[in-house]
Structure formats: structure tokens, C-alpha cells
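What follows is one structure encoded as C-alpha cells, with my remarks underneath.
Values in this text are rule-based calculations from the coordinates and carry no lab data. This structure is a prediction, so every number in the text was calculated from the model and none was measured. Cβ coordinates were reconstructed from backbone atoms using ideal geometry, including for glycine residues, and neighbour counts include every protein chain displayed.
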Amino acid sequence: MMNSVSENLKKILETIPSNVKLVAVSKTKPNEAITEAYNLGQRVFGENKALELLAKYETLPKDIEWHFIGHLQTNKVKYIAPFVHMIHAVDSLKLLKEIDKAAAASNRIINCLLQFHIASEETKFGLDIDEATLLLTSAEFASFANIHICGIMGMATNTDNKEQVRKEFLNLKDIFETLKTRYFLNDKNFKEISMGMSGDYLIAIECGSTMVRVGSSIFGERIYL
Ligand SMILES: *Cc1c(COP(=O)(O)O)cnc(C)c1O
């Protein structure tokens, strides 16, 4: 027998300290599953497809805080800019520019995290520290008025090797401290480290995560048709 969403969510919440935010990753899951978590008090949800997120935003309660957690194409920014609370995986100046423009058009400030590549896998998106330095010191970046850079995000290698995962998360924590010191010392918005998923969020919290993105442990395995 599979556990219910609310049973799963209760168990997960017991393991997360109050200073760490749980982003319940509801991608591919129906509104009924989200509503079950909502009725237990969960208000923060994560999605990784712009149009799926838009459809859920339009049909679910308006006090949900929606996080976009996946790779975002520039031509999809406009669909989510009017309401999205935070975009987790920004990894280019081009995307940031599009977010700034769409945020201005909606008269909003959009919270963004810079995604870093910390895993050993080749295919994952994300910046390294040199690319981030170029981005953060560019004149164009300085001109953006409708974004807040709130911190950084990363995904560890998908492996059972806990020590490797720990090293990768500690690397992300180091990157955060370096950027904070160099570019954000007086910026109180820059405070988030989004790391940790169903398989590794407890390690991520030990390594300094402030936001965990947990999907399948709450909603069950995803079925992609
Ligand atoms: C799907 C996804 C998650 C959640 O993964 P689970 O293993 O189901 O917890 C977290 N972060 C990102 C970026 C994702 O795409």
C-alpha cells in the first residue's frame, strides 16, 4: 500500500528544521495531490514546466508560493513572470535579462537563484565560479532593476555514494560564501542555498541548505507518459 500525500508530508516535515524551507515539488502531479498537501498547511510548491505551472497557478489557491525549479527557456519566462515567487535555476545572463524584462512588464521584482554545476555528471545545467564572476561583474547585470539574486542552487550527482554527495554540497556552500563575500556582503537578499532532493536532502541540510526541493518522497514516484 502506498502512503498518502499527507502522511508522507508529515513525516518529511518532522525531519526538516524550521529554518529550512520545504519546496514541495509537484511537477507532473494533479491538483488533487497539491490540494492534499495544501490542506495540511504546505504553501510552497515547485514546478519545472512553465505552462504546467501556469495552469496550476490559475486553478489553485492564490496564497500558494510558486517556485520554478528547472531549466527555463527564455521564451517561456513571460508565462510565469506575473506570479512566480522564485526562479531557482538561472544559469545565463541572457535568461536573467529576459526575467528582468518580464518582471518589469509585470511591475514586479522576481527572486532568482544562480544555478551552479556541482555534480560529476556532464549533462546537468549550471555555472562555474568563473562564469558567475563574469555575469555578476558585467555592466548589463548592474542595470537589472527588477530581479533580486537571493542565493544559489545546485544538484548533487545521482549516486549512492554519500561522501561524494556531501563533498558536492559542501562545495556549493563554499561557492555561496565566496560570492557573498565578494559581491553581496551588504545585500540581505542573498541568503539562500537551494540544495537537496528526496534522496539527499538530509545530507544537504547538514551541509547548510536553506531550501530543500522534495518531490517523490511526498507525492510518490513520477510517471512520465
Ligand atoms: C524533480 C526535481 C526535484 C525533486 O526531485 P525528487 O527526487 O522527486 O525529490 C528537485 N529539484 C529539481 C531541480 C527537480 O527537477
Förster radius 30 Å - calculated FRET efficiency between His85 and Ser120, Cβ distance, rounded to 0.05:
0.45
For the chain, averaging the sequence separation of alpha carbon pairs under 8 Å that lie six or more residues apart and dividing by its residue count, the contact order in percent is 21 percent
Nonlocal amide H pairs with Ala89, under 5 Å, H built at 1.01 Å:
Leu113
Ala145 to Ile129: extension gain in nm, 0.36 nm per residue of separation minus the Cα-Cα distance?
3.4 nm
Based on alpha-carbon centroids, what's the gap between segment 172-225 and segment 31-46 in Å, whole number please?
20 Å
Given labels modelled 7 Å from the Cα in the Cβ direction, how far is it in nm from Ser216 to Asp187?
3.5 nm
By how many nm would the segment from Arg43 to Gln73 lengthen if fully extended, with 0.36 nm per residue of separation less the alpha-carbon distance?
8.3 nm
Rounded to whole Hz, the Karplus (6.51, -1.76, 1.60) HN-Hα couplings of segment 60-69, x for glycine and proline:
10, x, 7, 8, 6, 9, 8, 10, 9, 10
The long-range amide H neighbours of Val25, using H built 1.01 Å from N in the peptide plane and a cut-off of under 5 Å, are Gly46, Val214, Gly215
Rounded FRET efficiency, nearest 0.05, which uses the C-beta distance separating Glu163 from Lys94 and R0 of 45 Å:
0.80
Report the calculated FRET efficiency for Leu13 and Tyr224 (r = Cβ-Cβ distance, R0 = 35 Å), to the nearest 0.05.
0.85
Find how much the distance from Ala104 to Thr59 grows on full extension, using 0.36 nm per residue of separation minus their present alpha carbon separation; answer in nm with one decimal.
13.7 nm
The chain - mean residue ellipticity at 222 nm from DSSP helices (-39,500 (n - 2.57) per run, n ≥ 4, rounded to 500):
-11500 deg cm²/dmol
Mean-position separation - Cα centroids, segment 52-90 and segment 148-163, in angstrom
21 Å
Note, ³J(HN,Hα) from phi for segment 198-210, Karplus 6.51, -1.76, 1.60, rounded to Hz, x at Gly and Pro:
3, x, 9, 5, 5, 5, 4, 5, 4, 8, x, 4, 10
What list of ³J(HN,Hα) couplings, whole Hz, do you get for segment 146-155 from phi and the Karplus terms 6.51, -1.76, 1.60, once you set θ to phi - 60° and write x for glycine and proline?
10, 10, 10, 8, 9, x, 9, 9, x, 10
May I ask you to sort Ser217, Ser26, Ser120 by Cβ crowding, counting other Cβ atoms within 10 Å and putting the fewest first?
Ser120, Ser217, Ser26
Which of the pairs Lys10/Lys188; Lys29/Lys167; Lys62/Lys188; Lys97/Lys191 have their Cα atoms more than 29 Å apart in this structure?
Lys10/Lys188; Lys29/Lys167
